[in-house]
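Visitor: This is the structure I have questions about; it appears just below.
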Amino acid sequence: MQKICTLIIACFFLNQAISQEQGIYRHYTIYPTLINPGATGINEGQHEFIGNMVNTWSGSEGTPVNYTFGYSGSFGKSVGLGLQLMNETNAAISRFKASIAYAYKVKFDNAIFSVGMTTEFQQKRLRNGILNDPSIDPTDAYLLAANDGVKFFDFGLGIHAKINQTLTLGVALPNMVHTYITKPEIASTEDQKYLGNFVGYLSNRFKVNDFDFEVEPGIAVRKVSAGDGSAPLLGDVNVTGYFLDNRLTGGLSYHFGAGQSGGGVLLGIMLNKVSIYYSFDIYSGDYQPYNNGKHEVTLGVALSDIKK
């Protein structure tokens, strides 16, 4: 057990605590603010609240579980403001993030372009109660250092555009600036330069008049490093259908990269101002027989007038 804990703590420091959540969300096709600050307040006059849960490799003990709460609002004709809180547990490690996003929109006859930035505070540490485990040494220097945790500041940029109300595209550059606020003296980690992390997506929505629904094919590529710049390029191909004036949503996806592939389904329903989305994804790979796939649930509330 102590060897396992030592391995976990080594990964804790080698990881250098850089965020990776931009690589786990599937519902960015519905809520692009999950991965791109440029989409903040993109819909004029609308205020959006979301709660998101992602359970990766579900069914196995200690696998990653991520909870995110987000707000995105439009103020005036050009300004978008957003807030995002995230908490993630992964084995013995807990990570918390609080971020504020700002976006400025430029409108043309048939297009909207928005440029946004986000400032993030993050903390990574051992989960509460780990040092009380009788099978480990509570005086171990690495364990004590990890229990104190690390705190750091991140800065990112993003661009989001919508053309003719059908074509959507965006690029996000997370972790452009990564500066430690506090870090254990035992760790040799240093402030990071930009590692080339990015997220890009493109989709187009078509109306099928004969069947009274809309279909939106799209593609996304993501490279989100864990701190050493060695993260592989990941890709998604998505097809989403919207029925009954967007009240029902269904979609299929294909994921590739990192030496494996997978697929998933998306289901959603909108009741007045409240929307609920659920997706299930499964991947090929040696670990797949030992888990029940990836589950993601998002609850969203959209208000056209915050005063009402």
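The values are calculated or read from the model by the stated rules, or taken from the named source; none is laboratory data. The model shown is predicted, which means the values in this text are computed figures rather than measured ones. We place every Cβ from the backbone using ideal geometry, glycine too, and count neighbours over all the protein chains shown.
Residue by residue, here is whether (1) under 23 Å from ASN292 (Cβ atoms); (2) among the hydroxyl-bearing types (Ser, Thr, Tyr); (3) surrounded by 17 or more Cβ atoms within 10 Å (Cβ to Cβ) holds:
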site	(1), (2), (3)
TYR31	no, yes, yes
GLY45	no, no, no
ILE50	no, no, yes
SER58	yes, yes, no
VAL65	yes, no, no
PHE69	no, no, no
GLY76	no, no, no
VAL79	no, no, no
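Visitor: Being among the charged types (D, E, K, R) and at pLDDT 95 or above is the filter here; which residues of the stretch 268-308 pass it? Steps first, please.
Guide: The initial filter retains those residues of the stretch 268-308 that are among the charged types (D, E, K, R), namely 273, 281, 286, 294, 296, 305, 307-308.
Once the filter is applied, which keeps residues that are among the charged types (D, E, K, R) and at pLDDT 95 or above, the stretch 268-308 yields only GLU296.
Visitor: Would you mention how many residues in the stretch 83-102 are in contact with a helix residue (DSSP H, G or I) (Cβ under 6 Å, 6 or more places away or on another chain) and within 30 Å of ASN164 (Cβ to Cβ)?
Guide: 1
Visitor: Checking LYS223 against (1) in contact with a Phe, Trp or Tyr (Cβ under 8 Å, 6 or more places away or on another chain); (2) at pLDDT 90 or above; (3) buried (at least 17 other Cβ atoms within 10 Å of the Cβ): exactly one of these is not met. Which one?
Guide: It fails just one condition, (2).
Visitor: Taking the stretch 50-102, which residues are hydroxyl-bearing (Ser, Thr, Tyr) and assigned to a strand (DSSP E or B)? Step through it out loud before you land on a result.
Guide: Residues of the stretch 50-102 that are hydroxyl-bearing (Ser, Thr, Tyr), as a first pass: 56, 58, 60, 63, 67-68, 71-72, 74, 78, 89, 94, 99, 102.
If the condition is that a residue be hydroxyl-bearing (Ser, Thr, Tyr) and assigned to a strand (DSSP E or B), then TYR67, THR68, TYR71, SER72, SER74, THR89, SER94, SER99, TYR102 are the ones that fit.
Visitor: Kindly provide the set of residues from the stretch 81-107 that are more than 19 Å from ALA39 (Cβ to Cβ), in contact with a Lys or Arg (Cβ under 8 Å, 6 or more places away or on another chain) and surrounded by 17 or more Cβ atoms within 10 Å (Cβ to Cβ), ordered by number.
Guide: GLU88, ALA92, ILE93, SER94, ARG95
Visitor: Go through the stretch 231-251 and count every residue that is charged (D, E, K, R) and either under 15 Å from ASP281 (Cα atoms) or surrounded by 14 or more Cβ atoms within 10 Å (Cβ to Cβ) (or both). Please lay out each step first, then the result.
Guide: At the first step, the residues of the stretch 231-251 found to be charged (D, E, K, R) are 236, 245, 247.
Among the residues that remain, those that are also either under 15 Å from ASP281 (Cα atoms) or surrounded by 14 or more Cβ atoms within 10 Å (Cβ to Cβ) (or both) are: 236.
The qualifying residues number 1.
Visitor: Among the residues of the stretch 252-259, are any closer than 17 Å to VAL215 by Cα, in contact with a Gly (Cβ under 8 Å, 6 or more places away or on another chain) and surrounded by 18 or more Cβ atoms within 10 Å (Cβ to Cβ)? Can you show your working first?
Guide: So the first thing to find is which residues in the stretch 252-259 are closer than 17 Å to VAL215 by Cα, and the list is 252-254.
Going one step further and asking which of them are in contact with a Gly (Cβ under 8 Å, 6 or more places away or on another chain), we end up with 252-254.
Narrowing further to those that are surrounded by 18 or more Cβ atoms within 10 Å (Cβ to Cβ): 253.
There is at least one residue in the stretch 252-259 that is closer than 17 Å to VAL215 by Cα, in contact with a Gly (Cβ under 8 Å, 6 or more places away or on another chain) and surrounded by 18 or more Cβ atoms within 10 Å (Cβ to Cβ).
Residue by residue, here is whether (1) more than 29 Å from SER72 (Cβ to Cβ); (2) touching a residue at least 40 places away in the same chain (Cβ under 8 Å); (3) among the aromatic types (Phe, Trp, Tyr) holds:
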site	(1), (2), (3)
SER253	no, yes, no
GLY264	no, yes, no
ASN272	no, no, no
TYR278	no, no, yes
ASN291	yes, yes, no
HIS295	no, yes, no
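Yes or no, residue by residue, for (1) of a type outside the set (S, T, N, Q); (2) at pLDDT below 95; (3) farther than 24 Å from PHE113 by Cα:
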position: ILE24; (1), (2), (3): yes, yes, yes
position: GLU48; (1), (2), (3): yes, no, no
position: ASN52; (1), (2), (3): no, no, yes
position: TRP57; (1), (2), (3): yes, yes, yes
position: SER60; (1), (2), (3): no, yes, yes
position: TYR71; (1), (2), (3): yes, no, no
position: SER78; (1), (2), (3): no, yes, no
position: LEU83; (1), (2), (3): yes, no, no
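Visitor: Let me ask another. Collect the residues in the stretch 177-212 that are modelled with pLDDT of 80 or more, surrounded by fewer than 17 Cβ atoms within 10 Å (Cβ to Cβ) and aliphatic (A, V, I, L, M), keeping them in residue-number order.
Guide: Selection gives VAL177, ILE181, LEU202, VAL208.
Visitor: Considering only the stretch 33-49, how many residues are more than 24 Å from MET176 (Cα to Cα) and either basic (Lys, Arg) or not in a loop (DSSP other than H, G, I, E, B) (or both)? Give the derivation first.
Guide: Let us first name the residues in the stretch 33-49 that are more than 24 Å from MET176 (Cα to Cα), namely 43-49.
Remaining after also requiring either basic (Lys, Arg) or not in a loop (DSSP other than H, G, I, E, B) (or both): 47-49.
Final tally of qualifying residues: 3.
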